[in-house]
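Beneath this line is the structure, given in structure tokens, with notes to follow.
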Amino acid sequence: IGPGLQQLLFDMEAFKAANPGGVLEDFVRWYSPADWVERDGQEPELSSRMKEPGNMWTELFAKAKATPASEQNPLFDFDYHGEMTIESLAQIAPSDLFEQLFIVSVCVRHALLEEEATALKEAEPESKVMAAVSESEEFSVTTVSRGMGTSKLEKICAAYETVEDFISGCAPREHVEEEESLWNDYHETPWGI
């Protein structure tokens with residue numbers, strides 16, 4: 001049985017343990033309401049899909065033994081996956097680890113920027129702040145997807161600072177020329193790279 005069917009079987013077993021005497025119809029009505037058909041003037045019944053001969057749900061429900069979820073074997077092996085994660089971290093080059101952490105931090109910062117931009121957009125509907133945030137996100141993603149280097153790192157940080165300054169509305173004067181140059185370079189070639 002694959003992981004999806006294993007999950008379904010475990011859910012059926014837990015259902016049977018919690019509902020002694022429950023039948024497939026009861027389980028389907030609870031677990032998959034779309035397969036419980038109620039028509040005007042007729043008794044509710046299973047969908048045609050559930051009534052097909054050899055239906056996997058019918059076979060699994062017949063095999064399922066009443067077993068509380070707390071007594072079932074977990075589907076996810078925490079020890080194995082934890083060990084694999086630690087092994088991967090032990091073998092990763094520090095530069096690769098930094099690159100991955102940097103990408104995550106850029107994504108988190110963009111999410112925070114987007115929140116600020118949304119609030120600004122609500123206050124000033126004509127503001128182009130959301131477009132600036134989207135453009136900065138797209139620039140960062142495209143830049144990072146081609147591998148990292150010092151110049152790319154500097155461009156991403158500068159682009160992010162430009163958008164951050166734009167949102168806060170207080171761009172320091174000493175960065176304005178540098179930022180204008182960055183955005184001009186950015187628009188001259190695809191993604192300024």
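The values are calculated or read from the model by the stated rules, or taken from the named source; none is laboratory data. Nothing here was measured: the structure is a model prediction, and the numbers come from that model. Backbone-built Cβ (ideal geometry, glycine too); neighbour counts: all protein chains shown. For accessibility, only protein heavy atoms count, side chains too; no ligands or nucleic acids. Shrake-Rupley method; radii C 1.70, N 1.55, O 1.52, S 1.80 Å.
Provide the descending list of Cα extents for the range 1-152 along its principal axes, expressed in whole angstroms.
66, 49, 27
Ignoring ligands and nucleic acids, what accessible area does Asp96 show with a 1.4 Å probe (Å², nearest 10)?
Approximately 70 Å² for this residue.
On a straight-distance basis, which lysines could pair with Lys51 in a cross-link, Cα separation under 26 angstrom, same-chain partners fewer than 8 positions away excluded?
Lys16, Lys63, Lys65
Once you sort the root eigenvalues of the Cα gyration tensor of the range 1-55 as a ≥ b ≥ c, which label holds: rounded (a/c under 1.5), prolate (a/b larger than b/c) or oblate (the other case)?
It comes out oblate by the Cα gyration axes.
Please give the FRET efficiency for Val141 paired with Leu89, using the beta carbon to beta carbon distance and R0 = 25 Å, rounded to the nearest 0.05.
Given R0 = 25 Å and the Cβ-Cβ separation, E is 0.55.
What does the accessible area of Asp26 come to, in Å² to the nearest 10, when a probe of 1.4 Å is used?
Accessible area of Asp26: about 50 Å².
Put one equal scatterer on each alpha carbon of the range 74-135, apply the Debye formula with no solvent term, and list log10 I(q)/I(0) at q = 0.20, 0.25, 0.26, 0.28 1/Å to two decimals.
Taken in order of the listed q values, log10 I(q)/I(0) reads -0.80, -0.98, -1.01, -1.07.
For Ala34 and Thr150, what does the FRET efficiency come to when R0 = 45 Å and r is the distance between their Cβ atoms, rounded to the nearest 0.05?
Calculated value: 0.25.
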